[in-house]
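Structure first, then comments.
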Amino acid sequence: MYASGPFSLQDSALPNVVLSSAFSHAVNRATDVEAASHFLADLLALTTSEPVNQSIAPTELIAAIDAGTQSTRVYLFNRHQQAVASHQVSLPQIRPQPGWHEHDPYEVWKGVEECMVMALELAAQETLGPVEVTAIGITNQRETTLVWSRTTGQPLSNAIVWMDTRTADICNTLSAELPGGVEHFRAKTGLPISTYLLAYKFKWMYDNVDDVTRAVDSGDACFGAVDSRLMYMLTGGAQGGGVHVTDVSNASRTGLMDLATCEWDPEIMAVFGVTPGCLPRIMSCAEVYGHVAAGPYEGVPISGSIGDQHAAMLGQRCVKGEAENTYGTGAFVLLHTGPHIVPSRHGLLTTVAYRLGPDAATQYALEGSIAVAGRGVSWLMENLGIAAYPKEVVDAQAAGLKKIKMLRADGGASQNDLLMQMQADVLQCTVRRPVFQETTALGAALAAGIGIGMWTEEEVLASHAYGSTDFRPHIRPKRAAERFGKWNRAVERSVQLADLENERDAWGQRALSVHATQS
């Protein structure tokens, strides 16, 4: 006989497929028509009664905005640190003349808005059920400079991109006038005088863009990198009380921040004519800066902000003694040096790695960059059968530590197994390549999660949602040294060829000058 016992179908919250299976099982077991009739009656009552309130908890997601040089992306990560949806749009590039590189701030903001909406729609289309974005993290192209009006919120010029070189004359002038030359600010900022940094771009804007000059002089200017602009816009802009803040990793790339205090330095500010009122407030990389003012993310806290290379270091879970290398068009190597500032005697940059909370210790790093990596590797391997190494960078960084524990690699060129094995061989350390390559976006999400208490710093550094591939040295240190010696000799010969080319050009110019005089 069929008997419902203490479990009643009317009380069930089982999905239809389970009920169908239970019905078939009960009919097969029924010994008479009466038992089957009772089951059918219960099933009919269930299907015709009021729906049961199942109150399914929404899936918590963290949004990571990755505002890069070539494109803008938004990733949505679950609390297991896995990407569940993303959207990407390209960013138009503006190059008014050789050496100049700009972005339209309206296009940057437009791309962020589109990606945020589309990523959320894509997440809703997945089999996640209801979703809830609980925090937003931002990572950005470092050193790209913007100035906007505090009164109207409108940008006062195009953004000057980090690789723009129009400030070369300013850099040369300061290097000649200041007693410390190109290294004048390094003791405080960890940085030499360079066209990359925001301070020099700000000075160029002040000297050459009338709207910027007037806004700074009247106290109406807001100055910052892409992170500051996005947080300002997301939290309401001029009309909605938008916040004007930055995080310590981005602030360390302005050329205006004292590395030891993580505060703006008044003496350096005076050199560049930067007034305190136009600068954003420096905060940590993981805390609530403000809340989204409107749109589908309204009310969501913005709780993570970190520069792109620093975010990759966090996404790769680098700890003290480990290095992170992003193999893109260029190669950027950051070595985690822990809570202590390590000055460089090899031309590297001393910078902030991150600070994951207002009460957390600031972590520092040494950074070296290779302007041409991915493209150069392809050309060298195809034409000469050799590849460029970041060993020079890593060796120089190792001056502050006994040994590099591991090199964590990402970026397009890291997909080349041969290149990764060559790196492991010449560096004599393990090279680890993660399966999930978008470590920059992941780092921003991790910072945001820490900022709202979803994870602790310790939990983040100890966890990995994705697998990885390790490349270990296959040759002995002596053989590695021989290979690197050959590479150095090849580089020296290339430099000598460049010197000969310069001498030939100079000789040609002198010959033309003599000919013109004789004519």
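Just to be sure, is residue 293 surrounded by fewer than 19 Cβ atoms within 10 Å (Cβ to Cβ), in contact with a Leu (Cβ under 9 Å, 6 or more places away or on another chain), in a loop (DSSP other than H, G, I, E, B) and at negative phi? So residue 293 fits the description; yes. Scanning the range 183-192 for residues that are out of contact with any Asp or Glu (no Cβ under 7 Å at 6 or more places or on another chain), open to solvent by 20 Å² or more (accessible area, probe 1.4 Å) and under 15 Å from residue 346 (Cβ atoms) turns up 183, 186.
Please list, ordered by residue number, the helices (runs of 4 or more DSSP H) wholly in the range 411-494 having 3 or more residues that are more than 29 Å from residue 230 (Cα to Cα).
On the way: elements: 417-427, 439-451, 457-462.
Fully inside the range 411-494 and qualifying: 417-427.
What number of residues within the range 266-290 satisfy the criterion of being farther than 23 Å from residue 238 by Cβ, part of a loop (DSSP other than H, G, I, E, B) and open to solvent by 20 Å² or more (accessible area, probe 1.4 Å)? Result for the range 266-290: 2. The single condition among (1) open to solvent by 10 Å² or more (accessible area, probe 1.4 Å); (2) touching an Asp or Glu at 6+ places or on another chain (Cβ under 8 Å); (3) over 20 Å from residue 200 (Cβ atoms) that residue 298 does not satisfy is (2). All of 159, 176 fail the test of being modelled with pLDDT of 95 or more, open to solvent by less than 70 Å² (accessible area, probe 1.4 Å), small (Gly, Ala, Ser) and out of contact with any Lys or Arg (no Cβ under 7 Å at 6 or more places or on another chain), apart from 159. Just one residue in the set 200, 206 is more than 24 Å from the chain's Cα centre (by Cα), buried (at least 18 other Cβ atoms within 10 Å of the Cβ) and not hydrophobic (A, V, I, L, M, F, W, C); that residue is 206. Mind checking which pairs have a first residue in the range 277-298 that is free of Cβ contacts under 8 Å to residues at least 12 places away in the same chain and among the hydroxyl-bearing types (Ser, Thr, Tyr) and a second that is open to solvent by less than 10 Å² (accessible area, probe 1.4 Å) and assigned to a strand (DSSP E or B), Cβ under 6 Å, 6 or more apart or different chains? Between residues of the range 277-298 that are free of Cβ contacts under 8 Å to residues at least 12 places away in the same chain and among the hydroxyl-bearing types (Ser, Thr, Tyr) and residues that are open to solvent by less than 10 Å² (accessible area, probe 1.4 Å) and assigned to a strand (DSSP E or B), there is no close pair.
Restricting attention to the range 113-142, report how many residues are open to solvent by less than 40 Å² (accessible area, probe 1.4 Å) and among the β-branched types (Val, Ile, Thr). Give the derivation first.
Step one: filter the range 113-142 for residues open to solvent by less than 40 Å² (accessible area, probe 1.4 Å), giving 115-116, 119-120, 123, 133-142.
Next cut, among the β-branched types (Val, Ile, Thr) only: 133-134, 136, 138-139.
Summing the residues that are open to solvent by less than 40 Å² (accessible area, probe 1.4 Å) and among the β-branched types (Val, Ile, Thr) in the range 113-142 gives 5.
If you go through the range 462-474 and pick out every residue that is farther than 17 Å from residue 410 by Cβ and either polar (S, T, N, Q) or surrounded by 15 or more Cβ atoms within 10 Å (Cβ to Cβ) (or both), you end up with 2. Scanning the range 301-326 for residues that are assigned to a strand (DSSP E or B) and open to solvent by less than 10 Å² (accessible area, probe 1.4 Å) yields 302, 303, 304, 305, 306, 307, 323, 324, 325. One residue alone among 139, 213 is polar (S, T, N, Q) and in contact with a strand residue (DSSP E or B) (Cβ under 7 Å, 6 or more places away or on another chain), and that residue is 139. Pairs linking a residue in the range 90-107 that is in a strand (DSSP E or B) to a residue that is of a type in the set (A, V, I, L, M), with Cβ atoms under 7 Å and 6 or more positions apart or on different chains, are 102/94; 102/159; 102/160; 102/161; 103/91; 103/94; 103/159; 103/161. Only a single criterion out of (1) buried (at least 20 other Cβ atoms within 10 Å of the Cβ); (2) at pLDDT 95 or above; (3) within 29 Å of residue 203 (Cα to Cα) is not satisfied by residue 263, namely (1).
The values are calculated or read from the model by the stated rules, or taken from the named source; none is laboratory data. This one's a predicted model, so the numbers in the text were calculated from it and none came from an experiment. Note: ideal-geometry Cβ built from the backbone for every residue, glycine included; neighbour counts use all protein chains shown. Side chains included, ligands, DNA and RNA excluded: accessible areas come from the protein's heavy atoms. Shrake-Rupley method; radii C 1.70, N 1.55, O 1.52, S 1.80 Å.
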